[in-house]
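First up is the structure itself, then whatever we jot down about it.
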Amino acid sequence: MQDYEIRRGHSSNIDGDKLGSLVKGIFGSAKKQDDGTIETSFGALVKLTVRLKDKKTITIGTVMDTKVDASTAEETRKKYFTFLDQVTGFSSKERAKRLQKKAKEGKL
């Protein structure tokens, strides 16, 4: 499980049923659990779980199949990174900078 920061003011775009709709729109299916966790699978992603922790943080867990062909792996990566961009409100470059900053501060 990995926690990701959400851009300030962006949580209103993914609260309630909007998160499930976003997952379904990108990966094609979404199943909401009783605890509010949303699950799906796609390509090399055997299982993707997403849960809004609070207005600043989202928790994402993945289980990957490492024995898929290259084209499936690439398509899965593209969709996953598109999903991260849309759910956090940060680009991959911005997420990397934030992660590096946390690592320097010793907060990981």
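Every read-out reported here was derived from the displayed coordinates using simple, explicitly stated rules and does not represent laboratory data. No experiment lies behind these values; they were computed from the predicted model shown. Cβ placement follows ideal geometry from the backbone for every residue including glycine, while neighbour counts extend to all protein chains displayed.
Points to keep in mind about this one:
- Shape category assigned to the stretch 33-108 from the gyration tensor of Cα positions, a/c cut at 1.5: oblate
- Average Cα contact separation per residue, the stretch 2-105, under 8 Å, 6 or more apart, as relative contact order %: 28
- Positive-end ranking of V63, V87, Q100 along the dipole of the stretch 53-103, with charges on Cβ about the Cα centre, is headed by Q100.
- Largest mean-square fluctuation among A96, A73, A30, in a Gaussian network model of the chain whose springs join Cα atoms under 10 Å apart, belongs to A96.
- Violating pairs (Cα-Cα greater than 19 angstrom) within the set K56/K102; K32/K78; K56/K97: K32/K78
- Ignoring aspartates and glutamates fewer than eight residues from K47 along the same chain, the ones with Cα atoms less than 15 angstrom from its Cα are E39, D65.
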